[in-house]
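Chemist: Structure below; questions to follow.
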């Protein structure tokens, strides 16, 4: 985006004369902003992904969590008293800067000083997010995605019909359809903790700074099963040599804040893996898309088979 446009956008928050530089250009575009010795992030929300109501809701939710003592990117009010601003049919927000570095990256070994302690703290932070969200009276018009039965397993799942990924073998398609049917039955007859969840607490979305944890990127957050939030953080760490300790530490940290039923946690880990098999389909033609697709299918195949004990279908 041109500098003049960026200056005009930042003026909506009274940040005239700020220094701005492109920081990341992925599904959202993020700029680093320096103003009067303070650092902010200017976020250009990806077009046609969220409604205006959903974006307003996300920012109010993050502001509440920050006020409640959780370290998340706290949005800055514009001069008109609104977090969200529109410019040339695009929506923007300004967030206070979050320090530190991601706790890791996908498919690479963790390099944490104390991984068990970090996962313990992550469990506590996740539980606090759920706790604060349950105690919050949502503002009028609050709207977010629903990672519920339909959102995960219905005819139009949020991340796509994973059982129709064109790269599935006949065996894999049969396995995933069977897993879908089994999970549907479990969710329909069971009683599960449900409420607002982050839904994407991967390594890249958790920053570590001098032992403190900060939770980023609420794009996918919405209403969902709390065990699904836990499963998301566990799934990508299954290949760590100390995974059992990381798993135990995360659960222990969570339970120090609030209760957590883990009876069906393996099912939710399988469901999380299956969502990626649907998510990748519209991205197959992106650079590396086919390789990612193969990896995601293989991971889901393994996790689902383990959950179903291979011969259950």
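Chemist: Enter the angle in degrees (range 0 to 90, nearest 10) between the Cα long axis of helix 170-189 and the first principal axis of the Cα atoms of the chain, meaning the one along which they spread out most.
Modeler: Compared with the principal axis, the helix lies near 80 degrees.
Chemist: With 10 angstrom as the radius, rank 126, 308, 1 by how many other C-beta atoms surround their C-beta, starting from the fewest.
Modeler: By the 10 Å Cβ count, ascending, the order reads 1, 308, 126.
Chemist: Follow-up. Taking 0.36 nm per intervening residue step and subtracting the Cα-Cα distance, what contour gain separates residue 114 from residue 240 on full extension?
Modeler: Computed gain between residue 114 and residue 240 is 44.0 nm.
Chemist: While we're looking at this one, here's another question. What percentage of all Cα-Cα pairs in the stretch 102-308 are separated by more than 30 Å?
Modeler: 20 percent
Chemist: Compute the distance from the alpha-carbon center of the stretch 40-98 to that of the stretch 168-215, in whole Å.
Modeler: 25 Å
Chemist: Report, to the nearest 10°, how far helix 52-67 tilts away from the longest principal axis of the Cα atoms in the chain, using its own Cα long axis and a range of 0 to 90°.
Modeler: The two axes meet at around 90 degrees.
Chemist: Right, here's the next one. When the convex hull of the Cα atoms of the stretch 3-98 is projected onto a plane and the area is averaged over all directions, what value comes out in nm²?
Modeler: Mean projected area of the Cα convex hull: 6.1 nm².
Chemist: When N counts the residues of the stretch 133-246, how does its alpha-carbon radius of gyration compare numerically with 2.2 N^0.38 Å, as a ratio?
Modeler: 1.24
Chemist: Percent of alpha carbon pairs in the stretch 202-313 separated by more than 17 Å?
Modeler: The answer is 63 percent, as a whole percent.
Chemist: Please report 236, 156, 43 as a ranked list, fewest other C-beta atoms within 10 angstrom at the top and most at the bottom.
Modeler: Fewest to most other Cβ atoms nearby, the residues stand as 156, 236, 43.
Chemist: Further question on the same structure: What do you get for the angle between helix 115-135 and the principal long axis of the chain? Use alpha-carbon atoms, 0 to 90 degrees, nearest ten.
Modeler: Helix 115-135 sits roughly 70 degrees off the main axis of the chain.
Chemist: Most mobile of 241, 73, 157 per a Gaussian network model of the chain (Cα springs, under 10 Å)?
Modeler: Highest fluctuation of the listed residues: 241.
Chemist: Rounded to two decimals, what is Rg over Rh for the stretch 200-240 when you use alpha-carbon atoms and the Kirkwood radius?
Modeler: 0.99
Chemist: Given R₀ = 22 Å, FRET efficiency for residue 90-residue 146 by Cβ-Cβ distance, to 0.05?
Modeler: 0.30
Chemist: Counting pairs of alpha carbon atoms under 8 Å apart in space and at least six apart in sequence, what relative contact order in percent does the chain give?
Modeler: 18 percent
Chemist: For each of 94, 72, count neighbouring Cβ atoms within 10 Å of the residue's Cβ, then give the residues from fewest to most.
Modeler: Listed from fewest to most nearby Cβ atoms, that is 72, 94.
Laboratory data are not the source of any read-out in this text; all were calculated from the coordinates shown. Fair warning: this is a prediction, and the values are worked out from it, not measured in the lab. Using ideal geometry, Cβ is built from the backbone for each residue, glycine included, and neighbour counts are taken over all protein chains shown.
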